[in-house]
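Presented below is the structure to which this report refers.
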Amino acid sequence: MVALRPAGNDGRWEHVAARPAGDYTSGVTAVRLVLALFAAAAAGAVNAIAGGGTLLTFPAIVGLGVTPLVANATSTVALWPGSLGSMWGYRHELTGVRRWVIGFTAPSLAGGTLGAWLLLHTPPAAFDRIVPFLVLGATLLFLVQGPLLRRLRRSAPATTEPAPRWSFVAAQFLVAVYGGYFGAGIGILMLAVLGFMGLTNIHRMNGLKNWGALCINAVAVVMFAGGGIVHWPIALTMAVGGMLGGYAGSRLAQRVGQQAVRHAIVAIGLAAFVWLLVRRPGGA
């Protein structure tokens, strides 16, 4: 493991492997782990509906005394099992869209690998400065894509699901790079990409989004675990809550109207922008 991180306020840097993840934490009591369990359950449900569960787990883990870099990796590991629960809940929505599932897989795995590698080898401060605006941009895109697509299709014949294009593969790769690096808001980014590619069924889009997140986080989990920057007691506790919440959220999302889900996605995106803007270096 060759990643570097600041060793203090005097400009020195050190290898992450010089101090294991456990050395960055304060005592974690049973009560705190129970709170982490509930936070992860809520995050799993949010991820199933629109993405953004990291915005619940990340500050919760930091609140347990874990440093931000380790909290980021631990949050990714903790929420990945929830992706399995979400996918199981949405499995019926992926019937008939095999081309999209296949199109999601390769760029998600490749981009997630690159993003996780960047986290392990670069300081996060510079990227933290632009993350809020990436999430805000994706939220605004998702907000306007419905009216824009209706205008573009007024003279076009009705079709079923469009076939994925190379532009979609490229866009998903970029989303996956960001997802492997930090991950907050990747669901919103993927939904925006799917909308502009021509998909309109929000539940089917959520199913594809959950598959993409499953692939992205799978490679990130392996790399973070191998890098030794995961706090395992917290990660395993949150994994249970995330899986339960992910399945429950996926079932709930499919029982409410599509417009309500869209409103929830926009609200989560704006909340993500504010939270990330406040916590970035110099933001508060």
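Would you please list the contacts, defined by Cβ atoms under 9 Å and residues six or more apart or on different chains, that run from a residue in the range 78-97 that is surrounded by fewer than 16 Cβ atoms within 10 Å (Cβ to Cβ) to a residue that is among the acidic types (Asp, Glu) and not in a helix (DSSP H, G or I)?
GLY96/GLU161
Here are some residues: VAL66, VAL70. Which one is outside any helix (DSSP H, G or I) and aliphatic (A, V, I, L, M)? If you could, list the steps in order and put the result at the bottom.
Values: VAL70 fails: outside any helix (DSSP H, G or I).
Just one listed residue meets the conditions, VAL66.
Could we say that ASP128 is touching a Lys or Arg at 6+ places or on another chain (Cβ under 9 Å) and at pLDDT below 80 here? Walk me through how you get there before you give the answer.
Values: touching a Lys or Arg at 6+ places or on another chain (Cβ under 9 Å): yes; at pLDDT below 80: yes.
Considered against the rule, which asks whether it is touching a Lys or Arg at 6+ places or on another chain (Cβ under 9 Å) and at pLDDT below 80, ASP128 comes out as yes.
Filter the range 98-116 for residues that are touching a Phe, Trp or Tyr at 6+ places or on another chain (Cβ under 9 Å) and open to solvent by 60 Å² or more (accessible area, probe 1.4 Å); which is nearest to ALA272 (Cα to Cα)?
Result: LEU114.
So for the range 151-161 (the condition being in a helix (DSSP H, G or I), open to solvent by 70 Å² or more (accessible area, probe 1.4 Å) and modelled with pLDDT under 75), does at least one residue qualify? Outline the logic, then answer.
The initial filter retains those residues of the range 151-161 that are in a helix (DSSP H, G or I), namely 151-152.
Still in the list and also open to solvent by 70 Å² or more (accessible area, probe 1.4 Å): 151-152.
Then keep just the ones that are modelled with pLDDT under 75; that gives 151-152.
Yes, the conditions are met somewhere in the range 151-161.
Taking the options THR57, THR74, name whichever one is modelled with pLDDT of 75 or more, open to solvent by less than 10 Å² (accessible area, probe 1.4 Å) and in contact with a Ser or Thr (Cβ under 6 Å, 6 or more places away or on another chain). Quick ask: steps written out before the conclusion?
Working: THR74 fails: in contact with a Ser or Thr (Cβ under 6 Å, 6 or more places away or on another chain).
Just one listed residue meets the conditions, THR57.
Inspect all residues belonging to the range 89-101 and state whether any of them is closer than 13 Å to ALA176 by Cα and among the aliphatic types (A, V, I, L, M).
Step one: of the range 89-101, the residues closer than 13 Å to ALA176 by Cα are none.
No: zero hits.
The values are calculated or read from the model by the stated rules, or taken from the named source; none is laboratory data. None of the values given here were measured: they were computed from a predicted structure. Methodologically, a virtual Cβ is constructed for each residue, glycine included, from the backbone with ideal geometry; neighbour enumeration extends over all protein chains shown. SASA here: full protein model, heavy atoms, side chains in, ligands and nucleic acids out. Shrake-Rupley method; radii C 1.70, N 1.55, O 1.52, S 1.80 Å.
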